[in-house]
Amino acid sequence: MNILILGSGGREHAFSWKIAQSPQCDKLYIAPGNAGTAAIGENVNIGVNDFDAIGDFVKNNQVDLVIVGPEDPLVNGISDYFNADPTLSNIGLVGPSKAGAELEGSKDFSKKFMERHNVPTARSMTFTRETLEEGLNYVSSHPTPVVLKADGLAAGKGVIIAETHEHARETLKEMLVDAKFGEASSRVVIEQFLEGIELSVFVLTDGESYKILPEAKDYKRIGEQDKGLNTGGMGAVSPVVFAKGDFMEKVEERVVKPTVDGLKKDNIDYKGFIFIGLMNVGGDPYVIEYNVRMGDPETQVVLPRIKSDLVDLLKATAEGKLSTTDFEVDAEAATTVVMVAGGYPEAYEKGHPIEGIDTVSGATVFHAGTKLSESGEVVTNGGRVLAITGRGVSVAKALENSYNGIANISWQDVYHRRDIGQDILQLID
Ligand code: AMP
Ligand code: GLY
């Protein structure tokens, strides 16, 4: 079959890498892709939100299955677009409807969804510009730290954890009155701070049945010891030591089942990934957020741990046949460390030639922000540039392989964190 992946990051390179291993995959297209995906399949110069062009491409190239990488096209309704066109509605598409994508597209929607379906989450209230005064009073009576979240998509930057009431009040005003995150912060969710260790759980559902994929922990801050600005993600590890036995049973019973059942009860068409950001609070899971796609860089550790043919799982999801499909997980650990452009997540340069990718042997190099220059050289083309995935019998061994890979690669002003996975290693000891 012919498969089209939408997106251009490390996540999409990892999808391409895994899907290309399937005997079922004939032609593999990536729109728009990067220098890494160009080496595996065919990059197509179409933007992820250009639904007309995507639809035409799918029809003209006999694409059978579309995998939507990022959230944007999902929130904009790509699945509904396909369903509304009789010449596209029979094409398999992995990604929820616009209504389902609201789980990520609106924090207020997702909080109400969780309350309605009894999914454990932090207590919260939502405020708008009209209710600013109430919001300011609410903040004053709220224990610190106060968590403030822009309702809409804010490229991973819409969450502020205010240590003092004053900072929280200032932030609320900036978000609602000064439109700090544009339209995304026209509504703000204020919620209780949860103290614990984070974990990302990935679920694949066809709307009826579900599969829980290998879990991961990611590292969002730019600096070591989780200091500094938030990024898209600086690294990830899988497995996560406490994600087993009792705790995972609680996750399945209290979070995964009510989420999938809740979508059904609300008549929301959902065929795709649910990425559940959880906090382990003293052994009990609380949902911090839903995403309606796979994580980046979590995909770069989750997919390498799936032994089975991913196309079987994706096809079954799109066709509503997940209950009759199974998959096997590889016990080996996987870790990934992201190499970024100096300055990221603030201003950074692009276009620097990358040296040494071909000399890496014990790790897999997933491209994120790269492109081929006119002379055919791989150059930097984004903030997060590469993700280096290592495997091993333990997280420690996998990390060794990730970091050995990194030692071979260089470009001007490259930066990476040296402490990915260290907190997990301490939990294992
Ligand atoms: P999000 O954009 O929702 O993933 O939030 C970004 C980060 O903020 C999360 O990964 C958590 O580290 C943190 N966070 C969000 N909500 C809470 C909360 N209620 N309590 C503690 N930390 C939180
Ligand atoms: N790494 C976090 C995300 O993909 O949202």
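Laid out as a table, the results:
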{"read-out": "Which numbered condition residue 311 fails, given (1) outside any helix (DSSP H, G or I); (2) closer than 26 Å to residue 91 by Cα", "value": "(1)"}
{"read-out": "Qualifying residue in the range 356-368 (condition: open to solvent by less than 70 Å² (accessible area, probe 1.4 Å), under 20 Å from residue 156 (Cβ atoms), in contact (Cβ under 8 Å) with a residue 60 or more places away in the chain and β-branched (Val, Ile, Thr))", "value": "no"}
{"read-out": "Inter-residue pairs, beta-carbon under 7 Å, first within 12 Å of residue 298 (Cβ to Cβ) and at pLDDT 90 or above and in the range 224-245, second within 12 Å of ligand 2 (Cβ to nearest atom) and in a helix (DSSP H, G or I), 6+ apart", "value": "236/300; 236/301; 237/301; 238/301; 238/302"}
{"read-out": "Meets criteria (under 25 Å from residue 181 (Cβ atoms) and among the aromatic types (Phe, Trp, Tyr)) for residue 82", "value": "no"}
{"read-out": "Odd one out for residue 246 among (1) within 16 Å of residue 278 (Cα to Cα); (2) open to solvent by less than 30 Å² (accessible area, probe 1.4 Å); (3) away from ligand 2 (no atom under 16 Å from the Cβ); (4) not in a loop (DSSP other than H, G, I, E, B)", "value": "(2)"}
{"read-out": "Residue ID - modelled with the highest pLDDT, chosen from residues in the range 210-222 that are surrounded by fewer than 23 Cβ atoms within 10 Å (Cβ to Cβ) and within 14 Å of ligand 1 (Cβ to nearest atom)", "value": "222"}
{"read-out": "Residue 27 touching a strand residue (DSSP E or B) at 6+ places or on another chain (Cβ under 9 Å), open to solvent by 60 Å² or more (accessible area, probe 1.4 Å) and farther than 18 Å from residue 387 by Cα", "value": "yes"}
{"read-out": "Candidates 282, 207 - the one that is more than 13 Å from ligand 1 (Cβ to nearest atom), in contact (Cβ under 8 Å) with a residue 12 or more places away in the chain, small (Gly, Ala, Ser) and in contact with a helix residue (DSSP H, G or I) (Cβ under 8 Å, 6 or more places away or on another chain)", "value": "207"}
{"read-out": "Residues of the range 330-363 classified as out of contact with any helix residue (DSSP H, G or I) (no Cβ under 6 Å at 6 or more places or on another chain) and either at positive phi or not charged (D, E, K, R) (or both), total", "value": "19"}
{"read-out": "Per-region count, the range 49-91, residues open to solvent by 30 Å² or more (accessible area, probe 1.4 Å), farther than 20 Å from residue 290 by Cβ and under 18 Å from the mean Cα position of the chain (by Cα)", "value": "1"}
{"read-out": "Condition met for residue 97 (surrounded by fewer than 18 Cβ atoms within 10 Å (Cβ to Cβ) and touching a Phe, Trp or Tyr at 6+ places or on another chain (Cβ under 8 Å))", "value": "no"}
{"read-out": "The range 369-380: number of residues that are assigned to a loop (DSSP other than H, G, I, E, B) and either of a type in the set (D, E, K, R) or buried (at least 21 other Cβ atoms within 10 Å of the Cβ) (or both)", "value": "3"}
{"read-out": "Which listed residue is crowded, with 17+ Cβ neighbours inside 10 Å and within 20 Å of the chain's Cα centre (by Cα), from 348, 344, 403", "value": "344"}
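The values are calculated or read from the model by the stated rules, or taken from the named source; none is laboratory data. Note that the coordinates shown come from a computational prediction; the quantities given were computed from them, not determined experimentally. Note: ideal-geometry Cβ built from the backbone for every residue, glycine included; neighbour counts use all protein chains shown. The accessibility values were calculated without ligands, DNA or RNA, using every heavy atom of the protein model including side chains. Shrake-Rupley method; radii C 1.70, N 1.55, O 1.52, S 1.80 Å.
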